[in-house]
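Heads up, the thing below is written out as structure tokens.
Here, each number is a calculation from the coordinates, and none is a lab measurement. Predicted, not measured: the structure shown is a model, and the values here were computed from it. Every residue, glycine among them, receives a Cβ derived from its backbone with ideal geometry; neighbour counts consider all protein chains shown.
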Amino acid sequence: MSGSKAAQKAGVKVDKAVALLYERERGGAPMVVASGKGDVAARIVSAAREAGVVVTEDPDLLEILAKVPIGEEIPAELYRAVAEILAFVYRVNGRCGETGSQ
């Protein structure tokens, strides 16, 4: 695990992180919008939490998503796994009274 200052400051220790964007109105698949290791990963997680974005951990899915270039949609093989995470996020946001796509 990373022992970076950014990770310690955010209260997280991460080696890798990937951020996805899914816009229902745009259609298409979720897109990788950020990806990184070490300090970059810690900043991705920290920025997500500060923005109120739900952060989930799935090491196996992370390894696959980390191979998708930034700006590219996720491959069809990952739709089901990512859909399950999005469904979880929407349930959490619904319980918290939040709206919008993330």
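A few points about this structure:
- In a fully extended conformation the segment linking residue 15 and residue 55 would gain 13.0 nm over its present Cα-Cα distance, using 0.36 nm per residue.
- Where labels lie 7 Å past Cα in the beta-carbon direction, separation of residue 91 and residue 76 in nm: 2.8
- Here 80, 43 are placed in order of increasing Cβ neighbour count within 10 Å, fewest first, which gives 80, 43.
- Dipole moment magnitude, nearest 20 debye, region 16-101 about Cα centre, only Lys, Arg, Asp, Glu C-beta charged: 160
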